[in-house]
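The values are calculated or read from the model by the stated rules, or taken from the named source; none is laboratory data. Treat the numbers as computed from the prediction; the structure is a model and nothing was measured. Virtual Cβ from ideal backbone geometry, glycine too; neighbours counted across all protein chains shown. Side chains are part of the model used for accessible areas, which takes the heavy atoms of the whole protein and leaves out ligands, DNA and RNA. Shrake-Rupley method; radii C 1.70, N 1.55, O 1.52, S 1.80 Å.
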Amino acid sequence: VLSSHGEEGMLYGADSKAVSLRDIYSMFEAETCPSLAGKPKIFFIQACRGPELDGGVTVDMVETDSCDPPTDSFSHYLALPHDTVVHFSSCPDYGSFLRPSGSAFLQ
């Protein structure tokens, strides 16, 4: 679990310096950490991914039609090491919120 301030593709450390998510993921690759080779790695990231606010939506009915994602929406995900899954608390370009009691994402 990583909980911090952030922007798309990066988190801020306790020293306020930006750390690339790619750099964090690479610490767990087989070449860097052989003891985790072939084992699943799951990251839960509670951090903003941009400045936008999500106003939410009202759903009247559920549709199951799928569509093609924007061509650039998964570009940095292709850099994930094998056996790695990442769950974000917000969508790209949007903020994420944390209360003193925690967040709905991490509870």
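Take the stretch 82-94 and flag every residue that is of a type outside the set (Val, Ile, Thr) and under 16 Å from LEU2 (Cβ atoms). Hits for the stretch 82-94 are HIS87, PHE88, SER89, SER90.
In this structure, does GLY56 turn out to be within 25 Å of GLN107 (Cα to Cα), exposed (fewer than 15 other Cβ atoms within 10 Å of the Cβ) and modelled with pLDDT under 90? For GLY56, the condition - within 25 Å of GLN107 (Cα to Cα), exposed (fewer than 15 other Cβ atoms within 10 Å of the Cβ) and modelled with pLDDT under 90 - is met. Candidates in the stretch 59-84 are the residues that are open to solvent by less than 70 Å² (accessible area, probe 1.4 Å) and of a type in the set (A, V, I, L, M, F, W, C); of these, the one that is modelled with the lowest pLDDT is ALA79.
Taking the stretch 1-53 as the range and being open to solvent by 90 Å² or more (accessible area, probe 1.4 Å), without any contact (Cβ under 8 Å) to a residue 40 or more places away in the chain and assigned to a helix (DSSP H, G or I) as the test, only PRO34 passes.
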